[in-house]
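The values are calculated or read from the model by the stated rules, or taken from the named source; none is laboratory data. Computed from a predicted model, the values in this text were never measured in an experiment. So basically every Cβ, Gly included, is an ideal-geometry build from the backbone, and we count neighbours across all protein chains shown. We work out accessible area using only protein heavy atoms, side chains counted, and drop any ligands, DNA or RNA first. Shrake-Rupley method; radii C 1.70, N 1.55, O 1.52, S 1.80 Å.
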Amino acid sequence: MCQTTIRRLTVGGLIPLVIALGLACKYYRGMGSEFINHYGPASVAYVVLLMLVVFLVLPREEWIGRIAIGVCLGTCLLEFLQLWHPPFLQAIRATRVGQLAVGSTFSWWDFPAYFVGCLLGVPLLRGICRYTGPRAQGS
């Protein structure tokens, strides 16, 4: 198997785990649930998920920095879009999947979580590259 295929399989296996973690954070009902559901770990998981999805398409180590910057800018833009309420976005937000994907309420507190998610995503993607690199294949 080639290096790219192994990376994609590894990322493909991590994506459902990160989705499960993010949903568990989103629906957590215990101490600190307001923070965990809306501002902390759920938002971090969302950013890591987006980085994994982009890396699935572009599984090259030299793209990791660009992926992090692009995802960070994209999530910040999505946060600002929550201030805009045109009918087509309201229709998307009316669905549960749409609400999870594009959000519904602007909060300045989401920005630190987006930055933390990118800061955690970079070493994760680099670790995947190390794990799936030429030495991992016995070359």
| request: Classify the chain as rounded, prolate or oblate, taking a ≥ b ≥ c as the square roots of the eigenvalues of its Cα gyration tensor: rounded when a/c is under 1.5, otherwise prolate if a/b is larger than b/c and oblate if not. | output: prolate
| message | Quick check: at a probe of 1.4 Å, how many percent of the accessible area of the stretch 1-114 sits on carbon and sulfur atoms? | response | 74
| field | Whole-Hz couplings from phi, Karplus 6.51/-1.76/1.60, listed for the stretch 9-20; x for Gly and Pro | value | 5, 5, 5, x, x, 6, 4, x, 5, 5, 4, 4
| task | Give the relative contact order (percent, whole number) for the chain; include only Cα pairs under 8 Å separated by 6+ residues. | result | 34
| message | Tell me which of 52, 25, 5 sits at the most positive position along the dipole axis of the chain, charges placed on C-beta atoms (Lys, Arg +1; Asp, Glu -1). | response | 5
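Can you tell me the accessible area per residue over the chain, all protein chains present, probe 1.4 angstrom, in square angstrom?
60
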| Cβ under 12 Å from residue 107's Cβ, residue 107 left aside: what net charge do those residues give with Lys, Arg +1 and Asp, Glu -1? | -3
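DSSP loop (so not H, G, I, E, B), at most 10 other Cβ within 10 Å: list which chymotrypsin sites (Phe, Trp or Tyr not before Pro) in the stretch 43-139 pass both filters.
Taking the stretch 43-139 and a limit of 10 other Cβ atoms within 10 Å, the loop chymotrypsin sites (Phe, Trp or Tyr not before Pro) found are 84, 108.
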| message | Could you sort the peptides 11-18, 37-44 by per-residue average Cβ neighbour count (10 Å cutoff), highest mean leading? | response | 37-44, 11-18
| Given the chain, longest segment not containing exposed loop trypsin sites (Lys or Arg not before Pro) (DSSP; at most 16 other Cβ within 10 Å) | 61-139
| message | Distance between the C-alpha centers of the stretch 83-135 and the stretch 1-45? Whole Å please. | response | 10
| message | Can I get the semi-axes of the stretch 38-82's equivalent ellipsoid? Compute them from the C-alpha gyration tensor as square roots of 5 times the eigenvalues, in angstrom, largest first. | response | 20, 12, 8
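For residue 4 and residue 83, calculate 0.36 nm times their separation in residues minus their Cα-Cα distance, and state this gained length in nm to one decimal.
In short, 24.5 nm is gained.
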